[in-house]
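Enquirer: Could you have a look at this structure, given as structure tokens, before my questions?
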Amino acid sequence: MSTFQAPKGTYDLIPPDSARFLAVREAISAPLKRSGYGYIETPGFENVELFARGVGESTDIVTKEMYAFETKGGDRLALRPEGTASVLRAALEANLHKAGNLPVKLWYSGSYYRYERPQKGRYRHFSQVGAEAIGAEDPALDAELIILANDAYRSLGLREFRILLNSLGDKECRPVYRAALQEFLRGLDLDEDTLRRAEINPLRVLDDKREAVQKQLADAPLLRDYLCDACKAYHEEVRALLTAEGVAYEDDPRLVRGLDYYTRTTFEFVHDGLGSQSAVGGGGRYDGLSEMIGGPALPSVGWALGVDRTVLALEAEGVTLELPSTTSVFAVPLGEEARRVLFAKVTELRRAGIAADFGFGSKGLKGAMKNANRSGARFTLVAGERDLAEGVVQLKDMESGEQGPVPLDSVVDVLRERLA
Ligand code: HAM
């Protein structure tokens with residue numbers, strides 16, 4: 001029988017690489033935790049209707065990429081393709097918007113699922129860290145989120161990313177633009193599918209990746225020229241705040257995102273070392289989403305950064321994270337008596353907060369020392385019968401190679417001091 005493999009478009013996170021993923025998640029969430037965002041966790045699946053209504057009935061995500069299924073009980077569910085609709089659903093369900101001050105600021109981290117054509121940087125199971133600020137219309141909030149993502153990436157040592165910024169208007173000005181764009185698209189030489197899309201969701205056509213289509217779109221009207229005064233002023237304020245904080249961005253009047261809920265501010269973080277899957281993160285304002293899923297009017301803004309692609313971006317820039325070794329002390333027992341004594345010592349070290357590991361299994365000294373080496377431990381403790389008779393263990397500094405006896409009773413104190 002052949003062994004199993006991870007499903008197509010997925011991969012396993014295994015040590016030592018998995019430590020980098022944890023470090024990236026930590027680096028992205030750290031600025032959020034310092035900025036009043038509380039942690040939220042929602043189920044990995046939701047009612048399919050939540051995404052259909054929230055993300056948009058005619059988006060690729062909903063029509064082509066969703067893992068939708070019917071349960072034995074007849075419920076129509078979908079593995080979550082993104083986090084915003086779920087987080088807003090949970091906030092509404094818990095009445096968070098009525099409980100205290102607005103905005104309700106939340107952050108999350110988890111797995112998301114899209115049935116996409118797999119390639120480097122595009123997976124069917126991927127990982128995001130995200131943030132949502134629910135229930136406030138304030139350009140400073142949009143700016144805050146963009147600054148926090150920027151700072152997270154910078155704290156990781158990333159430099160070759162760019163921030164693309166656009167405004168998608170609101171329910172006043174977008175319909176006017178939509179009509180103008182539709183009029184323009186009707187005059188082009190497009191295939192039937194694309195023409196149909198132009199009728200249902202013309203902004204989606206702007207996102208068409210085909211060169212032949214893009215060529216025809218060169219003279220397409222731009223939303224920028226249709227923004228109402230309120231949207232224009234709002235966008236100017238977001239831009240001014242970013243500039244004041246030294247966050248560089250590029251105006252991209254053609255930026256449309258793959259989800260339909262966006263209004264006004266939209267942005268994408270792109271990394272130039274990643275090839276075609278260059279978006280490492282994205283987000284924007286979604287002032288109408290709450291009402292779209294049955295809630296009250298709650299203007300909101302948020303983003304999600306892709307952990308997988310952020311790790312690829314680190315690789316592309318050649319950034320190595322400084323990850324402290326997970327094990328500080330490795331104990332190698334020689335003989336049965338020593339096993340019991342050193343096992344107790346390892347437990348004592350761990351309880352004292354020192355990361356320690358043990359030579360499990362019946363390996364000889366050589367094999368056990370190999371394990372000690374691989375663990376990355378700074379110190380090893382070795383003890384045999386003679387050491388125990390003298391009440392000592394041999395402490396070896398793996399960096400300098402120095403070795404000497406230490407009384408059993410003072411091992412924890414000595415190690416604490418030398419690791420400090
Ligand atoms: P999104 O742009 O669809 O936005 O996804 C955000 C990030 O998730 C992308 O920039 C990318 O790094 C990562 N990502 C998406 N799909 C894949 C995939 N198939 N494989 C690997 N990485 C992927 C959202 O999901 C919105 N919910 C963001 C948001 C939050 N807007 C407002 N609040």
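The values are calculated or read from the model by the stated rules, or taken from the named source; none is laboratory data. All figures in this text were calculated on a predicted structure; none of them were measured in a lab. Cβ placement follows ideal geometry from the backbone for every residue including glycine, while neighbour counts extend to all protein chains displayed. Heavy atoms of the whole protein, side chains included, go into the accessibility calculation; ligands, DNA and RNA do not. Shrake-Rupley method; radii C 1.70, N 1.55, O 1.52, S 1.80 Å.
Enquirer: Could you run through the range 58-90 and say how many residues are open to solvent by 30 Å² or more (accessible area, probe 1.4 Å), more than 20 Å from the chain's Cα centre (by Cα) and free of Cβ contacts under 8 Å to residues at least 40 places away in the same chain?
Expert: So the answer is 10.
Enquirer: Another question, then. Which condition from (1) surrounded by fewer than 21 Cβ atoms within 10 Å (Cβ to Cβ); (2) over 21 Å from residue 152 (Cβ atoms); (3) of a type in the set (D, E, K, R); (4) modelled with pLDDT under 95 is the one that residue 236 breaks?
Expert: Of (1) surrounded by fewer than 21 Cβ atoms within 10 Å (Cβ to Cβ); (2) over 21 Å from residue 152 (Cβ atoms); (3) of a type in the set (D, E, K, R); (4) modelled with pLDDT under 95, only one is false for residue 236: (4).
Enquirer: May I pose another question? Got a sec? Which helices (runs of 4 or more DSSP H) wholly within the range 284-363 have at least 1 residues that are open to solvent by 50 Å² or more (accessible area, probe 1.4 Å) and farther than 30 Å from residue 102 by Cβ?
Expert: Values: elements: 289-292, 307-317, 336-351.
Answer list for the range 284-363: 307-317, 336-351.
Each row is one residue, and each column tells you yes or no for (1) in contact (Cβ under 8 Å) with a residue 60 or more places away in the chain; (2) in contact with a Phe, Trp or Tyr (Cβ under 6 Å, 6 or more places away or on another chain); (3) outside the structural domain of residue 23 (by TED's automatic domain parsing).
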{"position": "119", "(1), (2), (3)": "yes, no, no"}
{"position": "127", "(1), (2), (3)": "yes, no, no"}
{"position": "133", "(1), (2), (3)": "yes, no, no"}
{"position": "137", "(1), (2), (3)": "yes, no, no"}
{"position": "142", "(1), (2), (3)": "yes, no, no"}
{"position": "145", "(1), (2), (3)": "yes, yes, no"}
{"position": "151", "(1), (2), (3)": "yes, no, no"}
{"position": "154", "(1), (2), (3)": "no, no, no"}
{"position": "162", "(1), (2), (3)": "yes, no, no"}
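Enquirer: Are there any pairs with C-beta distances below 8 angstrom linking a residue in the range 2-13 that is free of Cβ contacts under 8 Å to residues at least 24 places away in the same chain to a residue that is outside any loop (DSSP other than H, G, I, E, B), with the two at least 6 apart or on different chains, and if so which?
Expert: Between residues of the range 2-13 that are free of Cβ contacts under 8 Å to residues at least 24 places away in the same chain and residues that are outside any loop (DSSP other than H, G, I, E, B), the close pairs are 13/21.
Enquirer: Condition check: under 32 Å from the mean Cα position of the chain (by Cα), away from the ligand (no atom under 12 Å from the Cβ) and farther than 24 Å from residue 134 by Cβ. Does residue 195 satisfy that? Walk me through how you get there before you give the answer.
Expert: Working: under 32 Å from the mean Cα position of the chain (by Cα): no; away from the ligand (no atom under 12 Å from the Cβ): yes; farther than 24 Å from residue 134 by Cβ: yes.
Judged against the criteria, residue 195 is not a match.
Enquirer: Applying the selection to the range 91-124, what residues are open to solvent by less than 40 Å² (accessible area, probe 1.4 Å) and more than 14 Å from the ligand (Cβ to nearest atom)?
Expert: Within the range 91-124, 92, 97 meet the criteria.
Enquirer: Quick check on the range 60-90: of everything there that is more than 16 Å from the ligand (Cβ to nearest atom) and not small (Gly, Ala, Ser), which residue is farthest from residue 205 (Cα to Cα)?
Expert: Restricting to residues being more than 16 Å from the ligand (Cβ to nearest atom) and not small (Gly, Ala, Ser), the top hit is 72.
Enquirer: Residue 251 - would you say it is more than 9 Å from the ligand (Cβ to nearest atom), under 21 Å from residue 24 (Cα atoms) and surrounded by fewer than 18 Cβ atoms within 10 Å (Cβ to Cβ)?
Expert: So residue 251 fails the test.
Enquirer: Taking the range 277-299 as the search range and keeping residues that are near the ligand (Cβ under 8 Å from one of its atoms) and out of contact with any Ser or Thr (no Cβ under 6 Å at 6 or more places or on another chain), which one is nearest to residue 118 (Cα to Cα)?
Expert: 277
Enquirer: Looking at the range 41-57, is at least one residue without any contact (Cβ under 8 Å) to a residue 60 or more places away in the chain, in a helix (DSSP H, G or I) and within 17 Å of the chain's Cα centre (by Cα)?
Expert: no
Enquirer: Further question: Looking only at the range 58-96, how many residues end up being of a type in the set (Ser, Thr, Tyr), in a helix (DSSP H, G or I) and over 20 Å from residue 9 (Cβ atoms)?
Expert: 2
Enquirer: Provide a single number: the residues in the range 135-185 that are of a type in the set (A, V, I, L, M), surrounded by 18 or more Cβ atoms within 10 Å (Cβ to Cβ) and more than 30 Å from residue 318 (Cβ to Cβ).
Expert: 5
Enquirer: I've got another one for you. Which condition does residue 133 not pass, out of (1) within 14 Å of the ligand (Cβ to nearest atom); (2) farther than 26 Å from residue 298 by Cβ; (3) more than 15 Å from the chain's Cα centre (by Cα), if it passes all the others?
Expert: Every listed condition holds for residue 133 apart from (2).
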